[in-house]
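Q: What follows is a structure written as structure tokens; I'll ask about it next.
The numbers here are math on the coordinates, done by the rules we state, and not lab data. This is a predicted model, so every value here is computed, not measured. Counting neighbours? That spans all protein chains shown, and the Cβs are built from the backbone with ideal geometry, glycine included.
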Amino acid sequence: MEQITVLGATGSIGVSTLDVLARHRDRYQVYALTASSRWQLLAEQVLEHRPRYAVMSDAAAAEALRESLSTTDCTTEVLAGEQALVEVASASCVDTVMAAIVGAAGLLPSFAAVESGKKVLLANKEVLVMAGGLFMAEARRSGAEILPIDSEHNAIFQCLPLQKALAAGCELDSLGVRKILLTASGGPFRDTPLVDLAQVTPEQACAHPNWDMGQKISVDSATMMNKGLELIEACWLFNCSADDIEVLIHPQSVIHSMVEYVDGSVLAQLGNPDMRTPIAHALGWPERVASGVASLDMVAAARLDFGAPDYERFPCLQLAQQAASMGRTAPAVLNAANEVAVAAFLRGELAFTDIAEVNKRVLLAAHLTEPVDLDVVQLADTEARQHAQRLIVAGLS
Ligand code: NAD
Ligand code: MG
């Protein structure tokens, strides 16, 4: 039995992961489930999957979970705090870790999983944006296998030659790859008149046309910062540069990304927009396991459209491309500013269009350094958060 820790079990990816795991109880055993504060949902998940440990990063929520489980026959031990997240991500009996915490909060537990040589199913793209060089180097040292869960990266992984998966460090052009086509739906505001964007609400921003996701990534999809973060994520995962990647708007989200070869062949991975497909792919890899996802109805899909991204509408995408070429701690700075700006937008304290403005000002003012270790990355993250917060409090005019 493969022992699995699910970091971020109560989130959108966590719930989809448990759905796939429940279909294969003969193959996978849940070792630990973690969440930040939603202890009631975690309690239900614990009662269904009976892990050895349940971890709440919030101490009061951990106490509530402990109390609620004490009235049942469940023997799961409840732990609290970040150190416990790191422990269940790196415990020696764990084979596989689903890294599905949102944002920089996942940095230490995700890194602990890589450091201890696990098979790491990586959904938490922000940690690769912040510290991709350190993650990939650590994976090479420890023998950890990083399998992408982000649907685009999972699609690219499936379209690349097998040698690429087996030798993560090799160059794409040595495999005959000409470029990667990273697809994007364009989110809920793809056709909204530009003058209306300043007034859009969090509810509208979170109503993604094709995917049902957590709030933060939904807002990132609406600004296309998500695609910017994914561009940086792809550079690390596939050992290439931003110039090797073309971002393509594809509103239907049927093609999840493509790889073009020097002979003109373009390979694409298609499927319904349901994260259980990439999750099952990575769980089973190199075998295939059922995910519960329905067959893709090509007749119903009928047509697939493509277009180029519009930087006036999506300035965050351009900022991410800029951060990728600036290198050093620029991606970590941009990510931190964006997390603060998105949280302020969700609280109703920042206009949608000011997310890009905060990100830009913080990125351009930052003192960049070489991300030689996680402390450097965390310092850049903290300073960028403070700067973003000051801008939001002071107002941007
Ligand atoms: P979500 O908001 O639905 O869930 C986030 C999870 O992280 C929850 O379980 C929450 O308890 C936990 N968490 C939040 N803050 C925490 C903290 N401070 N400490 C510990 N745990 C904390 O998010 P999601 O949509 O499931 O996304 C998770 C990650 O996967 C993100 O990085 C996102 O970009 C990536 N991703 C998601 C999707 C999707 O379809 N939802 C697709 C691709 C990539
Ligand atoms: Mg994605």
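Q: Could you tell me which helices of the chain pass both thresholds, a Cα extent of 18 Å or more along their own axis and a mean Kyte-Doolittle hydropathy of at least -1.0, with helices taken as whole DSSP H runs?
A: 125-142, 225-238, 330-346, 374-394
Q: Note the full-extension length gain between Asp305 and Leu175 as 0.36 nm times their separation in residues minus their Cα-Cα distance, in nm to one decimal.
A: Full extension of this stretch gives 43.9 nm more.
Q: Count charges around Arg276 for me, please; just the other residues with Cβ under 15 Å from its Cβ, Lys/Arg as +1, Asp/Glu as -1.
A: Spelling it out: positives minus negatives among the neighbours equals -2.
Q: I would also like to ask the following. Can you tell which of Ala308, Ala282, Ala139 shows the greatest fluctuation in a Gaussian network model of the chain with Cα springs below 10 Å?
A: Ala308
Q: If the elastic network links every pair of Cα atoms under 10 Å, which of Glu233, Glu339, Glu349 fluctuates the most in the Gaussian network model of the chain?
A: Glu349
Q: Here's a follow-up. Take the chain, connect every pair of alpha-carbon atoms lying under 10 Å apart with a spring to form a Gaussian network, then pick out the residue of Arg385, Arg347, Arg141 with the largest mean-square fluctuation.
A: Its mean-square fluctuation being the largest, the pick is Arg347.
Q: Expected output is a single nm value to one decimal: the length gained when fully extending between Asp373 and Asp196, i.e. 0.36 nm times separation in residues minus the C-alpha distance. What is it?
A: Result for the pair: 59.5 nm of gain on full extension.
Q: DSSP beta bridges in the chain, what fraction antiparallel, as a percent rounded to 5?
A: Bridges in the chain that DSSP calls antiparallel: roughly 25 percent.
Q: Using a simple charge model, +1 on the beta-carbon of Lys and Arg, -1 on the beta-carbon of Asp and Glu, nothing else, what dipole does the chain show about its Cα centre, in debye to the nearest 20?
A: Numbers: 28 positive and 48 negative charges, 43 e Å.
Computed about the Cα centre, the dipole is about 200 debye.
Q: So how strong a dipole does the stretch 111-170 carry about its Cα centre when Lys and Arg Cβ are +1 and Asp and Glu Cβ are -1, to the nearest 20 debye? Write down the numbers at each step before the final one.
A: Working: 6 positive and 6 negative charges, 39 e Å.
Computed about the Cα centre, the dipole is about 180 debye.
Q: Continuing with the same structure: If you count, for each residue, the other Cβ atoms within 10 Å and average over each peptide, how do 211-223, 17-29 line up from highest to lowest?
A: Ranked by mean Cβ neighbours within 10 Å, highest first: 211-223, 17-29.
Q: Using a Förster distance of 45 angstrom, determine the FRET efficiency expected from the C-beta separation of Ala351 and Asp243, and round it to 0.05.
A: The formula returns an efficiency of 0.85 here.
Q: When the dipole is taken about the Cα centre of the stretch 2-148, and only Lys, Arg (+1) and Asp, Glu (-1) are charged at their Cβ, what size is it in debye, to the nearest 20?
A: Value, rounded to 20: 400 debye.
Q: For the chain, what is the calculated [θ] at 222 nm in deg cm²/dmol (nearest 500), taking -39500 (n - 2.57) for each run of four or more DSSP H residues and dividing by its residue count?
A: -14500 deg cm²/dmol
Q: Which net charge results for the neighbourhood of Arg50, defined as the other residues with beta-carbon distances under 13 angstrom from its beta-carbon, given Lys and Arg at +1 and Asp and Glu at -1? Can you show the working numbers first?
A: Numbers: positive: Arg25, Arg52; negative: Glu44, Glu48, Asp73, Glu77.
Overall, the nearby charge balance is -2.
Q: Along Cα→Cβ, 7 Å out, is where each label goes; now give me the distance between the ones at His24 and Gln318 in nm to one decimal.
A: 4.4 nm
Q: Take every Cα-Cα pair in the chain and report what % of them are more than 25 Å apart.
A: Tail fraction, whole percent: 56.
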